[in-house]
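Below: the structure, in structure tokens.
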Amino acid sequence: MFGAGCAAYFSLSSEPATIVLIISGLLFAGSAAVMWQRRNLLGERTFYAVLFTLFFVSGFLFSAARTHMIEPNRLSRALDRVMVEGWVVETSRSATGRERLLIQIHAISGMSPDELPSQVRISQRKNGGFYPGRFIRCYANIGPPPAPALSGEYDFARDAFFSRIDGIGYTFGQCAPGAMQEPNELLLTSRNHANAFRQSLASFINEKAGRGGGLAAALMTGNRSYLSVEDEETLRSAGMAHLLAISGLHMGLAGGAFYFLFFRALALIEPLSARFPVQKIAAVAALTSVTGYLIVSGASVSAQRAYVMVAIAFLALLFDKPALSFQTLAVAVFAVLLLTPWAVISPGFQMSFLAAGSLIRVFAVSPDHKAGHKQNPIVGFLKPIILTSVVAGMATAPFAIFHFSRVATWGIPANFIIMPLFTLVSVPLAVMSVVFMPFGLGEIPLAALGLSLEWVLKLARFFADDSAAGGLFVMKPFTALSLVTITFGMLVLIIHGWQGIKLAAVLALTGAGIWMAQDRTQVIFSPTGHILTRTEPSNELVVYEFKGAGLKPLSFIDYPEIRCDQICQFDSYDRAFFAERSSISQDETVLVLKTLNGDKPVRLASAAHIRIDHDKLIIKKAAPNRCRPWSNDWPVCRR
């Protein structure tokens, strides 16, 4: 319920008024008082009702407090052709192959020190070879982080707010090195040195691991700069995108590999293993190693979340508790929410923890864990792999549809084939590389690691041979009510097992029914100047882009483009559409849409989902922009 309170706060369309926070605070105080003074007189149902209310309100208030502790974005307007000076904090690569530089700002031409943003992210066409800590000067356009172009789309402005990124932009030409020492700030200097070490390590891994070096660097350091755009898209299309972000998979496999290595090594030392619990020593050593992995990988939000869960699992071993249990999972969820309450609405949080809970339940009821149970060794090897692929794929599919409007068509078989190679070959070789690299002996295991990852890419390419096999875009909107209903069904099944199968099935079918009852969208229009539709007769998704359009919505990025000048004409679901551009700017397109079947023209200036119902043009316009602390017009929008 604490997490539900966090989710309720971050899901609001506008910031709650002060009176709402006051009422929530009073409700929290009242629930706490009742719990304390009447705890022995309350019935069981009343007790749990008050307890749930207490946790829900505490999660809501805690999220509000943490959000307002962060200083709002200080870059409230776009700046054209300005000189930006600062220190490189981190380098990365965009989906289009451009180099991205996260810069700690020192000065911007035309701005006073009080107006300066803290950090901005700037992209340039070519790799400048800059390492974190280097002072640079860039002639660039920068502006506030963009709000979602479509309703329900990924909110980059919100993530930028919590990541302390105050603006984004692009350069004219290349950034140039400057002459200025690093600021005398211990935290910033330490972060820059850690990032510089990570970048040099990624360069070394990429060089020594051969064809699979880009993926090896991404897995071991979190730096995707050396991974080609084609390989990254191949993994996404094959349903293997979870390999790219340092998350629970990487932390869990790395922690398990380190623990196995240390435990077996210590067990061979008889005087030590006979006198001390070597499993606890191995747990401490593995936790220390995973902590180093967290630092080297850049400590992203997903990595921090995964680290908390792995750390709690190792701490459970130290106190002779089960490492994998619902109690451990609950503590991990609560710890993550205390550190980053905004993570509750992120796809990674929802998918990783629900998949973990589903796997714990499935393996807990599996007969393989019962005493005296014996089975064929081959079955014992294949069964966990099949269960993991199927259960995790089914548990995360609703979230993939809701957040990304798509599912990987061949995701489950791809994971079934590729993950054994990755888990049994690539991960041990990565651990061996980490162990041997400090002694100058890492080249051999790195070369073997690169070869194994090259096979991973070849297999992924097989499952992502074409766009039709790579993914399925869902035009029918998956509503929040559908997701919540299906999620409750999965939680009932996870908590109660087979005893709750009937209620879980009812909830899942209800959620699916709500989804299927939604009308199928035929055309999606973005005010940036883009139209997504499924064309005939090929039945493929295509993006029509007007000349001079702004940034393409993230959900449109993977689909081929057809450029239009003033008029776009296309067929979709037995209907001929005629779109004429009325006016256009960098941020907004005004579109006049009509069909060739005599429908009345419709003028659109905001995002909209369009469908045909009984020969009528039905248009559902997007909700107005939100007024939250991460909005570009905050706090003006509250007035």
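From largest accessible area down, sort C627, C6; use a 1.4 Å probe on the protein chains. Present the calculation step by step, with values, prior to reporting the outcome.
Values: C627 20, C6 0 Å².
Reading off the accessible areas and sorting them downward yields C627, C6.
Taking a 28 Å limit on the Cα-Cα distance, which of the listed pairs K208/K280; K502/K620; K126/K208 fall beyond it? Intermediate values should be presented prior to the final figure.
Values: K208/K280 35 Å; K502/K620 36 Å; K126/K208 23 Å.
As for pairs spanning more than 28 Å Cα to Cα, those are K208/K280; K502/K620.
How big is the dipole moment of segment 141-271 about its Cα centre under a simple scheme where the beta carbon of each Lys and Arg is +1, that of each Asp and Glu is -1, and everything else is neutral? Debye, nearest 20, please. Please list the in-between numbers first.
On the way: 9 positive and 12 negative charges, 58 e Å.
With only Lys, Arg, Asp and Glu charged at Cβ, the dipole is about 280 debye.
Measuring with a 1.4 Å probe in the full set of protein chains, what accessible area per residue, in whole Å², belongs to segment 87-216?
On the way: 5970 Å² over 130 residues.
Result: 46 Å² per residue.
Using amide H atoms built 1.01 Å from N in the peptide plane, name the residues 5+ places from R74, or on other chains, whose amide H lies under 5 Å from its own.
S118
Quick one: what are the phi-derived ³J(HN,Hα) couplings along segment 482-497, Karplus 6.51/-1.76/1.60 with θ = phi - 60°, whole Hz, x for glycine and proline?
4, 4, 5, 5, 5, 4, 4, x, 5, 5, 4, 5, 5, 6, 9, x
For R224, what residues show an amide H to amide H distance below 5 Å, using hydrogens built from the backbone and excluding near sequence neighbours?
Distant-sequence amide H within range of R224: R93.
With +1 on each Lys and Arg Cβ and -1 on each Asp and Glu Cβ, how big is the dipole of segment 78-163 about its Cα centre, in debye rounded to the nearest 20?
480 debye
Trypsin sites (Lys or Arg not before Pro), restricted to segment 57-163: which are DSSP loop and have at most 12 other Cβ atoms within 10 Å?
Answer in residue order: R77, K126.
The values are calculated or read from the model by the stated rules, or taken from the named source; none is laboratory data. The structure presented is a predicted model; accordingly, all values stated were derived computationally and were not measured. Here the Cβ is made from the backbone with ideal geometry for all residues, glycine too, and neighbour counts use every protein chain on show. These area figures cover heavy atoms from the full protein model, side chains too; ligands, DNA and RNA do not enter into them. Shrake-Rupley method; radii C 1.70, N 1.55, O 1.52, S 1.80 Å.
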